[in-house]
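What follows is a set of notes on a single structure, which appears directly below.
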Amino acid sequence: MKKIIAIAAFSITAVAAKAQNASSTAQQQVNLNLNNAIELTFTGSNSATGAAVNIAFNTVNDYANGVASNAQELKVRSNKKFDVTVKANAASFSYTGSTTPAPVMPVQGVLALKVSANGTGGTIAGGFSGYTSLTSSAANLITNGNNGGNQTFSVMYNATPGFAYPAGTYTVDVVYTATQQ
């Protein structure tokens, strides 16, 4: 009986060995060709153009002390470390109103900016941890920001035009530039 069981087990093993399928292997190399990429957007609009920031001067205290804006958040997505600069697109505000000739209000000394939150992993540059006057020349705002897909920072504007300018709307574009290192 032991011989029959041993022969049956040997026969099953032999049949199982013969029943195995043949196999073949193929291999392919996959290359990821990455390019440097960077994007700077306003989180409120999810685009490179942020919503207009309206700073209203309604009382004499506003004119005397200045008025600050709400925080404006920007997001950098970059696969390398980066720096951010800021500048006004002109040395003076453009004027819309009823005064002729149009008054000329300089940006420098009137419009200031500060970084109110920094989630970039970088360093706030210059004096931008507090309000610093903007000019039409690019100034370092954040240096050595970390690469990543959600590096955010927020800025606030503070305007102090004083009493030298008539009523109207004074406009200037503020330009932020993110550059990879």
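Quick note: the coordinates plus some simple rules give every number you see, no bench work behind them. Predicted model, so just to flag it, every value in this text is computed and none were measured. Glycine gets a Cβ as well: all are built from the backbone with ideal geometry, and neighbour counts include every protein chain shown.
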Label model pair Asp62, Asn144: point-to-point distance (7 angstrom along the Cα→beta-carbon line) in nm is 4.1 nm
Each label point is 7 Å from the Cα along the Cα-to-Cβ direction; what then is the distance between the points at Gln28 and Thr152, in nm? 4.0 nm
Using only the alpha-carbon atoms, how far is helix 2-18 inclined from the longest principal axis of the chain? Give it as 0 to 90 degrees, nearest 10. 50 degrees
According to the square roots a ≥ b ≥ c of the eigenvalues of the Cα gyration tensor, what is the shape class of segment 16-58, taking rounded for a/c under 1.5, prolate for a/b larger than b/c otherwise, and oblate for the remainder? prolate
Please label the shape of segment 24-116 as rounded, prolate or oblate, based on the square roots a ≥ b ≥ c of the eigenvalues of the alpha-carbon gyration tensor (a/c under 1.5 means rounded; beyond that, a/b larger than b/c means prolate, else oblate). prolate
From phi via Karplus (6.51, -1.76, 1.60), per-residue ³J(HN,Hα) for segment 59-71 in Hz, x at Gly/Pro: 10, 5, 5, 4, 5, 6, 10, x, 10, 9, 8, 6, 5
Which ³J(HN,Hα) values in Hz, rounded to whole numbers, follow from the phi angles of segment 153-163 under the Karplus curve 6.51 cos²θ - 1.76 cosθ + 1.60, where θ = phi - 60° and Gly and Pro get x? 8, 10, 10, 10, 9, 9, 10, 9, x, x, 9
With a ≥ b ≥ c from the Cα gyration tensor eigenvalues, square-rooted, and the rule rounded for a/c under 1.5, otherwise prolate when a/b > b/c and oblate otherwise, segment 92-181 is prolate
Spelling out what I want: for every residue of segment 82-91, take phi, set θ = phi - 60°, compute 6.51 cos²θ - 1.76 cosθ + 1.60 (Karplus), and round to whole Hz; glycine and proline get x. 8, 10, 10, 10, 9, 7, 7, 7, 8, 6
Per residue and in cubic angstrom, what volume does the convex hull of the Cα atoms of the chain have? 224 Å³
